[in-house]
Amino acid sequence: MRSTTKYILLVALIAVTGMWSCKKWDEHNAVKQQSLNETLLDQINKNASLSKFSEYLTKTGLDKVLSSSKNYTVFAPVNEALAALPAAVTNDTAKLKAVLQNMIASQQFFTSNATDSIRVAMLNGKRVFFYNKKFDDANITQADIFVRNGVLHIIDKAISPLPNVWDYVVSSKDVYAQNAYIASLNFLLQDPSKAELDSINPITGDSVYKPNTGMVVVNTFKTKVSDIANEDSLFTYIILANSGFNSEVDRTKPFFKSSVASVATNNASFFVVKDLAISGLYTPSNLPAALLSKFNVHVPISPSKIIESHKVSNGIVYVLSDAACDLSEKIPALKVEGENPGSIANADNKYTTKIFFRDRMNTLTGVPFKDIYLNLGSSGANYYVDYFTNGLFTAKYKVYWVAFNDKTISGQGDDPYGTDSTLQQILQVGDYARPFAPSLDVQVAVKPRNYNEVYLGEYTNTSYDFVISKPVATVSDTLAIKRIRLKAPATAATGVPLNLTLDYLKFVPSF
Amino acid sequence: MRVFKAYKYIVPALALSALVASSCNKMLDVAPKDVLDQQNMYRDVFDADAAVIGVYGKFMDLATPYVVLNEVRADLMSTTATADEYLKQLNEHDVKEGNPYANPKPFYSVILNCNDVMANFDIMLRDKKLKQEEYNMRYSDVAALRSWVYLQLGIQFGNVPYVTNPLSTTTDMQNVALMPRIPFNQLLDELIKTMEGLPYMKPYATTSSLVAAVDGYSTYRFYVNKEALLGELYLWRNDYHKAASVLKSLMETGGTGDLYNYRLTGASKADNNDLAVGYVRYREEDEGMLIDNNSQGWRSMFARDEDAMFDREWIWYLPFNKSFEPVDPFINLFSNRGGNYMLKPSQYALDVWNAQVQKNDFGYDARGKVFTARSIDGQPVAMKYLYNYLNGDGFNPLNVFEKNGKWFLYRAASLHLDFAEAANRDNHQGLAYAIVNQGLTTIPNKITGEGFPYDFDARKSDNPKITGDWCLNVGVRGRANLYSQTVTGDSTLSIEEGIVSEAGLELASEGRRWSDLVRVALRRNDPSFLANKIYEKLVREKNPRATEVRDKLMNKDNWYLPFKWK
């Protein structure tokens, strides 16, 4: 009897062992080294080659972070790598902490996550490239050590935090006129999320904030072009050496003639720099012949003109001797959509109920468009619609419109809308100021059912006094605004209504 | 010793159990108070009413399969990225075993319920528990509902078992799957025979105890419309004259002098209190002046309360309400706010709507991109079922958990399109064209001399005083503010094409599309009529299986779902 029991026990034991080994076989591709009963700090302290790292962790107080219960990924440099850090860093706890934080991420990242390159968010807010067994420039010598609160990778080089594009701009503003200009675009603004609420305007319902509360400094290059201080994005930032920058500003200046010389320089400078922060990382090895800016301008990059390049935490900075952009791209044609009027001659109901925002289909191209139609009939004499724009620079423009003049039945059995006749429309362009004194003033026939652009005349703008880089347009900023007026004539031939119609206006600059 | 000890207990135990067994019948036969025995279920007319309501309660489980099968398999509705695997199978006509939408069981569950109720109505009539008139109405209603469910089964599954005798036990239910299946045409004959033999064809008399106000709804329009169903059955069997006759009778529900009910009238331009695509008067050219709210215009038929205007259009619908089961399944299927957004109007549908031209020369059909397939958060949303769930202007849920809505089954526009389909094939093409396009006032002399069912009087004059019953009819496209369709080539085929296309524009996502496509494709014996439309849907959504699906659908046998019981 007893011997039987013995056998049974033995068989059971073998079976159990078999089960264990089976499990292990199933997970043969799992993380190889795991010590789930240890924290990152335990693991680091245990490793003799990381003793310096461990010492610095204790010195900066980061040891408590790495023994906590949150998950981290640590890229730990070996002792020899840390020895290369300059004394200025190792003796300054704050600086040292920043360096160490640049190698600790607050999430788990295994090398299996990095088969495609990823930018790991580090504790200092920077992002560092992690790709296969590379952490930025460093090689990962021992990877994927899985412990209770995260992952440890051992690297052969300390990766110090880099400045971002914005830091670089500020730090080199004394060297480059371009950066000095960008750094000067600081304005003091009230941030509604920080300002103290005073009251609510009973008429408009808008919030009114107490003056001088929640004031923040805003750089309008960051708000109007690109936020080059953002660590989550990647930029290729081009600096033109001072001579190249000045010559670009001089080339651009003719389009920003102003009675005030500083306004002209400021606007021309802004138009030069707005195309020089390009989103995306273009390293020297994959640099195309021209980079396309956010504003659809091609910036030519000739390798022979690259003076130097700098790696930064959110991209790369090139210093070029010069880069002359195509001015026709810088000063593009302006399109003013008919269905977005700025104001109308008279807001009485008898007029506004006859202003139609229409949907139409170009039956030749099959492309739908929206337009405005003022079905004013005989009551439309001298009625007008005004459009306002800051997009006309000091250049000579050829002006075109598409005005679709048609007649439709009423589906509800009322009178038809529109007309079969050729309409007469007046276009006036001039300064915003009242009384309106247009410098272009033409009356043009609008033939029925014409989908094509019709040439109207030339308009030359002589002065541009608006400061583009200013943060918010206030009343005093309206200096450069141009008024474009679509107007019905005072009289019309018998049977022809004084209707107005406009799909869009196009201003094409000539160079 | 041990053995003996056991006997000691066994003997009294046996004796006791014998006692219990023998006395069971007499001593313990007390009827339980909280359970209704079957033989007490049908005692009077109110029990009969309860049975009818019970059948319809069960019937509401078919809302999801009805809409999903008829829309997702057809051309105007498509799956979203969040759709489940089963919906994608339907979309790509590749239904695998275990697909819950393609399960005939819930259909038979309703059918067996109907059978049981009908058998009991017979007994009640025999035992004089129901008056003949009460019996006629209720029996006809349940029989018609059963026929409707059978028609759907036939459309979706092809050959199905036809069971009409009552089966009471759950094992019988399982046996249905094993019963012999009859071909669709034979099924149609059976259903038409049943419908023609019904003693009562009209809706419940308003004096009937089944027409009441319940939970704020009048139940009058909850019950299947027998004439509409019979008309559709005739259409399926290509009995055009009979179809037109029975549908005409329904179109004239209001009788002489009623100019509105089911007459498909146009825009009321002075106050916009209508069911038409309309604009604020004198401002039709302004896109912002479209009547787009829950109480006026075309959209309101899906949103408005059950008022007189609602009754002009709706012939059959069932409500979903937060205060009773079942929960509205459509919100989860269609809404991207408060729902899972699994189904959307297909790109093909949007393209077709946007290829229409309204009378104000806007290059789209407002029924499409504004009312039926509205863009919310940049996504096209099938809106018809959501107007009682989302608020009227911002389209946010009124209350995420209060799922109110309706199951839309049959309305005046469906009726007119069905009638036009029959008339067109019955050599009354001009009339069919008028009904679909700008209405009966566009027929020559505004009066047809064509005899029943093609006699329409749309005249209106003051001297002599004439007011034809159809003088306000504006046609399906007229009501939608669209220009007429053009007719090319063979007018019968061309007009039929137009009717099917218009049915898509008007009735999209109401669960009729697949039926319409199958019926016409069968009639023409032209699988490409159906296959090409599904192909267009898939191609425009860049579905790599488009060609494969078209090839598959070129074989009629592949139009039907596998009859797999679960």
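The values are calculated or read from the model by the stated rules, or taken from the named source; none is laboratory data. These numbers were taken from a predicted model, which means no experiment stands behind them. Using ideal geometry, Cβ is built from the backbone for each residue, glycine included, and neighbour counts are taken over all protein chains shown. Calculation scope for accessible area: heavy atoms of the full protein, side chains included, ligands and nucleic acids excluded. Shrake-Rupley method; radii C 1.70, N 1.55, O 1.52, S 1.80 Å.
Taking Cα pairs under 8 Å and at least six residues apart, what relative contact order does the stretch A:34-155 come out at, in percent? The partial results should precede the final answer.
Working: 216 pairs, mean separation 39.2, N = 122.
Worked out over the stretch A:34-155, it gives 32 percent.
In a reduced charge model with +1 at each Lys and Arg Cβ and -1 at each Asp and Glu Cβ, chain B shows a dipole moment near 1420 debye about its Cα centre. Each Cα pair of the stretch A:34-155 feeds into the Kirkwood radius, which the Stokes-Einstein equation turns, at 25 °C and 0.890 mPa s, into a diffusion coefficient of 173 µm²/s. For the stretch B:119-262, the per residue solvent-accessible surface stands at 42 Å², with DNA, RNA and ligands left out and a 1.4 Å probe.
In chain A, helices alone account for a calculated mean residue ellipticity at 222 nm of -6000 deg cm²/dmol, with every DSSP H run of four or more residues adding -39,500 (n - 2.57). For the protein assembly as shown, the share of accessible area belonging to carbon and sulfur comes to 54 percent (1.4 Å probe, ligands and nucleic acids excluded).
Residues A:307, A:182 ordered from highest to lowest accessible area at a 1.4 Å probe: A:307, A:182. Ignoring lysines fewer than eight residues from residue B:465 along the same chain, the ones with Cα atoms less than 22 angstrom from its Cα are B:446. Once you reduce the stretch A:425-476 and the stretch B:404-459 to the center of their Cα atoms, the two points are 55 Å from each other.
For the interface of B with A, what's the total buried accessible surface in square angstrom, probe 1.4 angstrom, rounded to the nearest hundred?
On the way: alone 24290 and 25930 Å², together 48480 Å².
Buried: approximately 1700 Å² between A and B.
Ordering A:499, A:302, A:261 by Cα displacement along the dipole of chain A toward the positive end leaves A:302 in first place; charges were set at the Cβ atoms of Lys, Arg (+1) and Asp, Glu (-1).
Could you tell me which of the pairs B:242/B:406; B:88/B:542; A:482/A:506 are separated by over 26 angstrom between their Cα atoms in the structure shown? Don't skip to the answer; put the middle values down first.
Numbers: B:242/B:406 31 Å; B:88/B:542 14 Å; A:482/A:506 14 Å.
Distance filter (> 26 Å) returns B:242/B:406.
With charges set only on the Cβ (+1 for Lys and Arg, -1 for Asp and Glu), what does the dipole of the protein assembly as shown come to about its Cα centre, in debye to the nearest 20?
Numbers: 115 positive and 117 negative charges, 509 e Å.
Once rounded to the nearest 20, the dipole reads 2440 debye.
Just want the answer: with Cβ charges of +1 for Lys and Arg and -1 for Asp and Glu, which residue in A:402, B:415, B:370 is farthest toward the dipole's positive end in the protein assembly as shown? Checking the options against the dipole of the protein assembly as shown, the answer is B:370.
Calculated from DSSP H runs of 4 or more alone, at -39500 (n - 2.57) each and per residue, what is the 222 nm mean residue ellipticity of chain B, nearest 500?
-13500 deg cm²/dmol
Listed by chain and number, the aspartates and glutamates placed with their C-alpha closer than 14 angstrom to that of residue A:257 are A:465; residues fewer than eight positions away on the same chain are left out.
Sparsely packed loop sites in the stretch A:150-256 (the GluC sites (Glu not before Pro) outside DSSP H, G, I, E and B with at most 11 other Cβ atoms within 10 Å) comprise A:196.
By a 1.4 Å probe calculation restricted to protein chains, residue B:164 has an accessible surface near 60 Å², given to the nearest 10. If you take the Cα centroid of the stretch B:246-270 and the Cα centroid of the stretch A:144-163, the two points sit 79 Å apart. Protein heavy-atom accessible surface, 1.4 Å probe, per residue over chain A: 49 Å². Among the listed pairs B:58/B:96; B:105/B:564; A:97/A:126, those whose Cα-Cα separation exceeds 18 Å are B:58/B:96. Averaging the Cα positions of each part gives two centres, and for the stretch A:298-347 and the stretch A:395-409 these lie 29 Å apart.
In debye to the nearest 20, how big a dipole does the stretch A:34-155 give about its Cα centre with +1 on each Lys and Arg Cβ and -1 on each Asp and Glu Cβ?
Values: 13 positive and 10 negative charges, 57 e Å.
Dipole of the stretch A:34-155, to the nearest 20 debye: 280 debye.
In summary, the aspartates and glutamates within cross-link reach of residue B:566, defined as a Cα separation below 13 angstrom excluding same-chain residues under 8 places away, comprise B:97. A simple spin-label model places the labels of residue A:298 and residue B:186 7.4 nm from each other, with each point 7 Å out along Cα-to-Cβ.
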